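Q: Dumping the structure here so I can ask a few things about it.
Bear in mind these aren't lab numbers, they're just calculated from the coordinates by the rules spelled out. Keep in mind that this is a model prediction, so the values were computed, not measured. Methodologically, a virtual Cβ is constructed for each residue, glycine included, from the backbone with ideal geometry; neighbour enumeration extends over all protein chains shown.
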Amino acid sequence: MLPALGPAFARPELYRGLADTGVTELQQSLIETRLDVLVDPVGSGQIQGVAAFASLHVSVTFAAALFMMRTKQKPLWQTVTWIFFGATVIATLYFGWHYILDDIAGMVIGWAAVTLGAWVTGNRRKRAQQSKEADAIAAEQREEPALAEAS
């Protein structure tokens with residue numbers, strides 16, 4: 001019924017010193033909406049949108065970075081997505097959207113999503129099979145010069 005609250009919502013006084021930005025305006029709006037819903041859950045006509053555990057911000061950005069890495073995308077795109085993921089983690093902590101544990105749980109969800117997606121689509125098996133084939137080709141290439149020398 002009542003979701004976990006991030007630090008900016010559990011202890012808003014600690015975050016009042018942040019510069020006024022779109023993020024702080026959104027947080028203030030969410031706090032006001034939450035209070036309206038708590039006072040009158042049915043009659044407020046509002047949706048309570050404050051929740052901390054787990055961080056879906058981190059989950060989505062981690063899944064994107066992991067996907068880019070596992071599918072061997074261009075190094076530039078891998079780097080960009082990992083940097084974006086790192087910036088997202090820092091931002092969620094700095095602005096008080098999430099605690100560290102919320103971000104860790106978000107990473108677990110992102111990992112599970114990518115891993116399950118690979119398994120369901122058969123890409124995990126393909127990658128393992130391709131790896132075995134690559135190992136076999138490499139072994140053959142090492143053996144060819146040895147056979148030529150023996151002849």
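Q: Which peptide among 72-78, 96-102 comes first, and what is the full order, when sorted by highest mean count of other Cβ atoms within 10 Å? Walk me through the intermediate numbers first.
A: On the way: 72-78: 11.7, 96-102: 20.1.
Ranked from most to least packed, the peptides come out as 96-102, 72-78.
Q: Within 11 Å, Cβ to Cβ, of residue 78, how many net charges do the neighbouring residues add up to if Lys/Arg are +1 and Asp/Glu are -1? Kindly include the intermediate steps, with their values, before the conclusion.
A: Numbers: positive: 70, 72, 74; negative: none.
Charge balance in the 11 Å sphere: +3.
Q: Further, regarding this structure: State the extension gain, in nm to one decimal, for the chain segment bounded by residue 74 and residue 53, taking 0.36 nm per residue of separation less the distance between their alpha-carbons.
A: Details: separation 21, 0.36 × 21 = 7.56 nm, distance 3.25 nm.
Answer, rounded to one decimal: 4.3 nm.
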